[in-house]
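Contents: one structure, followed by commentary.
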Amino acid sequence: MPALKCGSTSAGASDMPQKISLAFRQLAHDRMKFATAIAGVMVAVMLMWIQLGILAAVYESTTVIHRHITSDLVVFHPLSENMNGLKPFSVRTLYRVRGYPDVTGIGELLIGVVEWRRPDNGTIWKMQTYGIEVEEGWVDLPGLMTDGQSLKEADTFLFDRNSRAVFGPVVQTFLGGKAFEVELNHRRARVVGLTSMAASFGQQGNIVTSRANYLRLLKQFSPDEVHLGFVRLRPGADIPKAQAYLRQILAPEALVMTPQEFTDFELLYLKQNAPVGFVFTMGAVAGFFIGFIVVYQILYTDVTNNLPNFATMKAIGFTDWALFRIVIRQGVILSVLGYIPGSILAIGFYHIIQVGTSIPVRPTWDRAWLLLGLTCLMCLLSGAMATRKLRAADPADVF
């Protein structure tokens, strides 16, 4: 343990650098244990970053359509559980909305899955398909308004540039100025533009087409049904009042929500019914406890090995509180030295995951501050538990 100076018992701000230096030198005295502690914090930080990042990406990718809806209200079947599980309802139910004076327009969204046969090797993949009336602007996805007019042509679609690579070099071919044709449900179709959505755990990729093209691809779907209805009100209309009225006249055939309520409805389903939320949350908790145990073992061993030195410090005037703060500062030092490289490594893994899976895993400042706080809490709790041994530091055992 490094040499001590008398007078270090003061808690003033002028002694802070000296006390931090003392805590750091005591940690760095055994370099192997010091490196082990930092590595433990790094692993914990990286695990928490990755687990929470993937969880947030799942929520984001699942609600892409929800967050781009421009209508004031949406209408859907009351037995629907989530977006992918929307049950069709009669389009006549949606037409009844027109009876409300403030309604200026209604629209439809059709959702289904088609078989995508790669033209180069013949492999078949499932592709999420959305049919929409593009000219009405019900969903403001990138590319939908600029390239959407081309969807009026038969057997055309927009390809999601964030779809996984299993569908072939679609984006590269299209951006290279070449036509890309593919077989969808045994029907030839071609790419006329690109949009930007996201792959997720439930789907490999997405295409957007017109309502007419959707019905050509999924012939088993009735043109008299719809999966999601859009309702637009006049500017300045009382949305809650209109929602309450439409709920009353459409019940029990349909539910009426705002786009934000529809997004919350989707997220609630994921949190309560899908295992993904629980799995990744528990992964982050596991990372926290891994770091806690590693740091606690290192600090506890350090306190135990230096117990005679702490007893000496008591003999020259250090209080239990002063010794406690030394160990706590060690925890803070470990949290900072482990957090920075752990975060850098995690962001690198974010990039690898996004490239490999097309899931939008991105770091955010909110998550960075949250994990910095959790890392400090983890190390402070470890330090607080390790200081229990300090009460046994008796100067009489040394002198």
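Any read-out appearing in this document is the output of simple, stated calculations on the displayed coordinates, not a laboratory observation. Here the structure is a predicted model, which is why all the values come from computation and not from measurement. Cβ sites come from the backbone with ideal geometry, for glycine too, and all protein chains shown count toward neighbours.
What to note about this one:
- Taking every alpha-carbon pair under 8 Å whose residues sit at least 6 apart, segment 73-257 reaches a relative contact order of 36 percent.
- Residues considered: 175, 109, 27. Largest GNM mean-square fluctuation over the chain, using C-alpha springs under 10 Å, is found at 175.
- Derived scalar couplings ³J(HN,Hα) [segment 315-324; Karplus, 6.51 cos²θ - 1.76 cosθ + 1.60; whole Hz; x for Gly, Pro]: 5, 9, x, 6, 8, 4, 5, 5, 5, 4
- Interchain or long-range residues, amide H under 5 Å from residue 156's placed H: 190
- Working from Cα pairs under 8 Å separated by at least six residues, relative contact order for segment 296-390 is 55 percent.
- Candidates 69, 326, 359: whichever shows maximal mean-square fluctuation once the chain is modelled as a Gaussian network with Cα springs under 10 Å: 326
- Put simply, the amide H of residue 210, placed in the peptide plane, has neighbours under 5 Å in 132, leaving out anything fewer than 5 places away on its chain.
- Applying 1/(1 + (r/R0)^6) with R0 = 25 Å to the Cβ-Cβ distance of residue 29 and residue 319 gives a FRET efficiency near 0.65.
- Amide H contacts of residue 195 (H built 1.01 Å from N, under 5 Å, at least 5 apart or other chain): 159, 160, 161
- Model label points for residue 241 and residue 115, set 7 angstrom from Cα along the Cα-to-Cβ axis, are 5.3 nm apart.
- Loop-resident sites, segment 165-250, for GluC sites (Glu not before Pro), counting at most 10 other Cβ within 10 Å (DSSP): none
- GNM top mover of 48, 32, 313 - the chain, alpha-carbon springs below 10 Å: 32
- When +1 charges are put on Lys and Arg Cβ atoms and -1 charges on Asp and Glu Cβ atoms, the dipole computed for the chain relative to its Cα centre reaches about 820 debye.
- Converting phi to 3J(HN,Hα) with the Karplus coefficients 6.51, -1.76 and 1.60 and the offset θ = phi - 60°, segment 366-383 yields 4, 5, 4, 5, 4, 6, 5, x, 5, 5, 4, 4, 4, 6, 5, 5, 4, x Hz in sequence order, with x at every glycine or proline.
- The alpha-carbon of residue 178 sits under 21 angstrom from the alpha-carbons of these lysines, leaving out residues fewer than 8 places away in its chain: 152.
- Tail weight of P(r) past 18 Å, computed on alpha-carbon pairs of segment 285-345, percent: 45
- Rounded to whole Hz, the Karplus (6.51, -1.76, 1.60) HN-Hα couplings of segment 62-68, x for glycine and proline: 6, 10, 4, 4, 3, 6, 10
- Net length available on complete extension from residue 369 to residue 261 is 36.1 nm, with 0.36 nm assigned per residue and the Cα-Cα distance removed.
- All-pairs alpha carbon distance profile, segment 111-250, 10 Å steps from 0, percent: 11, 39, 30, 13, 6, 1
- Distribution of pairwise C-alpha distances over the chain, 10 Å bins, in %: 5, 19, 20, 16, 13, 10, 9, 6, 2, 0
- The calculated FRET efficiency for the pair residue 332 and residue 268, based on their C-beta separation and a Förster distance of 51 Å, comes to about 0.85.
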